[in-house]
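Notes follow once the structure below has been shown.
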Amino acid sequence: MIQEKVAQTTASASGVVPTLLALRGVGKVFSNGVTALSDVNLTIREGDFLSLLGPSGCGKSTALRLIAGLSTPTSGVLDWRADGSLDRSNIGFVFQEPTLLPWASVFDNVWLPLRLKGVSRAKAAPAVMEMLARVHLTSVENAVPRELSGGMKMRVSIARAMVTKPRVLLMDEPFAALDEITRFKLNNDLLELWQDERFTVVFVTHSVFESVFLSNRVVVMAARPGRVFDELAIEASYPRDEAFRTSPDYAALCRQTSDVLINAINSTAGAHHDGH
């Protein structure tokens with residue numbers, strides 16, 4: 001344990017970011033015989049904002065569920081950092097739908113993960129109110145979900161996932177159903193939260209523009225079977241704002257990422273056409 005910690009400290013000091021999780025040869029075959037993932041090799045580093053980008057059916061959400069422990073791989077291993085400092089309670093998950101308790105207030109929805117850990121409402125209040133402030137929802141703490149817009153519901157969902165201060169935040173297309181203006185605003189707020197807290201994010205998306213704006217790494221996946229097709233480093237500095245969104249650098253990165261995604265889709269189409 002001491003040697004591991006020394007090694008990690010040395011690695012950090014030398015500018016090498018420690019690995020948090022490595023997927024090695026990971027495959028997933030569903031009970032109906034569909035191969036969702038095949039031989040996926042992927043390294044997730046401490047503090048990454050990593051997007052999984054790809055067409056429907058490429059196994060993005062399946063990979064996320066494996067990382068969350070909601071499903072188990074058929075082959076290969078998920079190799080978590082060996083110092084024992086990370087377990088499933090350090091992981092937050094934001095689903096595509098907000099999945100809020102319809103009868104509970106915003107406050108009580110955010111309190112839920114702490115409540116399940118045995119933390120009383122009074123004891124949880126500072127952490128809950130801090131997270132509501134971070135997602136700009138303190139004015140609606142007593143509202144119930146039906147009184148909120150789609151964007152506000154998603155903010156509640158993010159606050160609920162973050163209230164336990166997870167080391168890893170998994171997000172499964174959380175903004176896909178939102179209008180563009182709301183989506184841009186939530187992208188900005190998520191990046192601000194990530195920069196302040198420096199947790200690790202694995203973010204599933206169909207959107208080239210969203211993946212490039214948010215991420216320091218974009219992993220492009222292909223389907224049939226689901227696999228890693230390519231990886232791009234997004235070497236634009238943070239913070240990223242509206243000036244970045246309208247910059248030539250952003251446009252060039254989006255074009256480059258889009259080209260890789262088109263190649264991944266074409267490789268899928270080719271495999272499907274060949275009957276593989």
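Some points to look at:
- Any hit, the stretch 259-268, residues being touching a residue at least 24 places away in the same chain (Cβ under 8 Å) and loosely packed, with under 15 Cβ neighbours inside 10 Å: yes
- Close pairs (6 angstrom Cβ cut-off, 6 or more residues apart or separate chains): of a type in the set (S, T, N, Q) in the stretch 178-204, part of a helix (DSSP H, G or I) and surrounded by fewer than 16 Cβ atoms within 10 Å (Cβ to Cβ) anywhere: none
This table checks each residue for (1) β-branched (Val, Ile, Thr); (2) modelled with pLDDT under 95; (3) assigned to a loop (DSSP other than H, G, I, E, B).
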site: ASN109; (1), (2), (3): no, no, no
site: VAL119; (1), (2), (3): yes, no, yes
site: ALA125; (1), (2), (3): no, no, no
site: ARG146; (1), (2), (3): no, no, no
site: LYS165; (1), (2), (3): no, yes, yes
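- Looking only at the stretch 170-185, and only at residues there that are part of a loop (DSSP other than H, G, I, E, B) and of a type in the set (A, V, I, L, M), the one that is nearest to PHE49 (Cα to Cα): ALA176
- Residue that is surrounded by the most Cβ atoms within 10 Å (Cβ to Cβ) [pool: residues in the stretch 134-144 that are over 21 Å from the mean Cα position of the chain (by Cα) and assigned to a helix (DSSP H, G or I)]: VAL140
- Hits in the stretch 145-172 - residues which are out of contact with any Phe, Trp or Tyr (no Cβ under 8 Å at 6 or more places or on another chain), surrounded by fewer than 22 Cβ atoms within 10 Å (Cβ to Cβ) and hydrophobic (A, V, I, L, M, F, W, C): LEU148, MET152
- Any hit, the stretch 211-234, residues being at pLDDT 95 or above, aliphatic (A, V, I, L, M) and assigned to a loop (DSSP other than H, G, I, E, B): yes
- Residues considered: PHE244, PHE229, PHE213. Of these, the only one that is closer than 27 Å to ASP39 by Cα and among the hydrophobic types (A, V, I, L, M, F, W, C) is PHE229.
- Residue in the stretch 94-104 that is buried (at least 19 other Cβ atoms within 10 Å of the Cβ), more than 17 Å from the chain's Cα centre (by Cα) and at pLDDT 90 or above present: yes
- All positions within the stretch 87-133 that are in contact (Cβ under 8 Å) with a residue 40 or more places away in the chain, of a type in the set (A, V, I, L, M, F, W, C) and in contact with a Ser or Thr (Cβ under 8 Å, 6 or more places away or on another chain): VAL94, PHE95, LEU100, LEU114
- The set of residues in the stretch 148-163 being in a loop (DSSP other than H, G, I, E, B) and over 12 Å from VAL110 (Cα atoms) consists of LEU148, SER149.
- Scan the stretch 33-42 for residues that are touching a residue at least 24 places away in the same chain (Cβ under 8 Å) and surrounded by fewer than 17 Cβ atoms within 10 Å (Cβ to Cβ) and the total you get is 3.
- Candidates in the stretch 167-210 are the residues that are of a type in the set (Gly, Ala, Ser) and either in contact with a strand residue (DSSP E or B) (Cβ under 9 Å, 6 or more places away or on another chain) or modelled with pLDDT of 95 or more (or both); of these, the one that is nearest to ARG115 (Cα to Cα) is ALA176.
The values are calculated or read from the model by the stated rules, or taken from the named source; none is laboratory data. A quick note: this is a predicted structure, and the numbers were derived from the prediction, not measured. Note that each Cβ is placed from the backbone with ideal geometry, even for glycine, and that neighbours are counted across all protein chains shown.
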